[in-house]
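In what follows, a single structure is set out as structure tokens and then discussed.
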Amino acid sequence: MIALAVAAVVVLVRLVAAFLPGVALGDDWRERLTISWSGMRGAISLAAALSVPASVPGQPQILFVTVVVILVTLVGQGLTLPRLLRALRLQGERPWSPEEAIARLETAQSALDRLDELEEEGSASDEQLRRMRELYRARFRACQDVLSGEGDRRADGRAAYRRSGELRRELIGVERASLLGLRDEGRLRPDVQRLIQRDLDLEEARLPG
């Protein structure tokens with residue numbers, strides 16, 4: 001019972017945090033609710049609990065509570081996320097404007113440059129690098145389609161977005177930095193920056209861990 005109460009508090013705190021003033025998550029309350037509900041905890045929480053020495057009083061209880069919280073937030077929230085999306089009637093993917101497509105091209109190039117650096121450093125596996133390159137090449141094609149007037153063909157890259165992890169999270173950070181650079185140089189309107197930033201926030205919230 002105590003473990004379930006702790007899990008409920010974890011969920012409630014994240015929900016409240018998403019609606020605090022100054023927290024830039026989504027454009028409206030529906031997107032904020034979705035991001036907070038899809039922010040699942042797992043590996044990091046379990047690693048922290050396992051690092052508690054057995055000599056610490058209550059160590060088994062700490063581990064048990066952590067596992068219950070992971071089950072509630074990862075399995076419980078994960079299984080109910082599709083129903084939540086349907087209930088909120090969130091719109092599907094919106095079309096990109098030419099200005100947004102150009103900005104996304106540049107952020108994708110920044111991420112690809114970072115992948116080249118990681119390959120030289122040997123800090124990522126060949127499979128990880130391959131998947132991430134597939135992802136950004138698909139984005140390049142989608143942006144080029146928008147700029148050439150051929151429509152939106154983003155579907156090919158969606159599977160690569162889902163097969164991600166710490167490397168994907170790092171690349172999202174690279175994209176954010178590139179986006180801020182375009183804004184600071186006056187090459188990107190604030191409203192377009194917010195649209196792309198929102199998508200990055202939503203994507204990062206879906207990542208496991």
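The values are calculated or read from the model by the stated rules, or taken from the named source; none is laboratory data. Please read all numbers here as calculations on a predicted model, not as lab measurements. We place every Cβ from the backbone using ideal geometry, glycine too, and count neighbours over all the protein chains shown.
Out of the residues in the range 43-60 that are more than 18 Å from Leu15 (Cβ to Cβ) and touching a residue at least 12 places away in the same chain (Cβ under 8 Å), which is surrounded by the fewest Cβ atoms within 10 Å (Cβ to Cβ)? Give the derivation first.
Here is the first cut: in the range 43-60, the residues more than 18 Å from Leu15 (Cβ to Cβ) are 43-44, 46-60.
Cutting the leftovers down to touching a residue at least 12 places away in the same chain (Cβ under 8 Å) gives us 43-44, 46, 48-50.
Numbers: Ala43: 13, Ile44: 9, Leu46: 16, Ala48: 11, Ala49: 17, Leu50: 11.
Result: Ile44.
Examine the range 25-37 for a residue that is hydroxyl-bearing (Ser, Thr, Tyr), within 23 Å of Leu207 (Cβ to Cβ) and at pLDDT below 85, and state whether such a residue exists. Lay out the reasoning, then the answer.
Filtering the range 25-37 down to residues hydroxyl-bearing (Ser, Thr, Tyr) leaves 34, 36.
Filter once more, keeping what is within 23 Å of Leu207 (Cβ to Cβ): 34, 36.
Right, trim to at pLDDT below 85 and you get 34, 36.
Scanning the range 25-37 turns up at least one residue that is hydroxyl-bearing (Ser, Thr, Tyr), within 23 Å of Leu207 (Cβ to Cβ) and at pLDDT below 85.
I'd like to verify a number: residues in the range 102-131 that are β-branched (Val, Ile, Thr) and in contact with a helix residue (DSSP H, G or I) (Cβ under 6 Å, 6 or more places away or on another chain), how many? Don't jump to the end; show me each part of the working.
Going residue by residue through the range 102-131, those that are β-branched (Val, Ile, Thr) are 102, 107.
Cutting the leftovers down to in contact with a helix residue (DSSP H, G or I) (Cβ under 6 Å, 6 or more places away or on another chain) gives us 107.
Total satisfying the criteria: 1.
Give the range 113-163 a look and list any residue that's at pLDDT below 80 and in a helix (DSSP H, G or I), or say none.
Once the filter is applied, which keeps residues that are at pLDDT below 80 and in a helix (DSSP H, G or I), the range 113-163 yields Arg154, Ala155, Asp156, Gly157, Arg158, Ala159, Ala160, Tyr161, Arg162.
Listed residues Gln109, Gln77; which is surrounded by 11 or more Cβ atoms within 10 Å (Cβ to Cβ), at pLDDT 85 or above and of a type outside the set (A, V, I, L, M)?
Working: Gln77 fails: at pLDDT 85 or above.
Result: Gln109 is the single residue among Gln109, Gln77 that is surrounded by 11 or more Cβ atoms within 10 Å (Cβ to Cβ), at pLDDT 85 or above and of a type outside the set (A, V, I, L, M).
In the list Val52, Val16, Val56, Val11, which residue meets the criterion of being outside any loop (DSSP other than H, G, I, E, B) and modelled with pLDDT of 85 or more?
Val16
State yes or no: is Thr66 of a type in the set (Val, Ile, Thr), modelled with pLDDT of 85 or more, closer than 30 Å to Ala49 by Cα and in a helix (DSSP H, G or I)?
Working: of a type in the set (Val, Ile, Thr): yes; modelled with pLDDT of 85 or more: yes; closer than 30 Å to Ala49 by Cα: yes; in a helix (DSSP H, G or I): yes.
So Thr66 passes the test.
Quick one: in the range 177-209, of everything that is of a type in the set (Lys, Arg) and assigned to a helix (DSSP H, G or I), which residue is surrounded by the fewest Cβ atoms within 10 Å (Cβ to Cβ)?
Step one: of the range 177-209, the residues of a type in the set (Lys, Arg) are 183, 187, 189, 194, 198, 206.
When the remaining residues are screened for being assigned to a helix (DSSP H, G or I), the result is 183, 194, 198, 206.
Details: Arg183: 17, Arg194: 13, Arg198: 16, Arg206: 18.
By that ranking, first place goes to Arg194.
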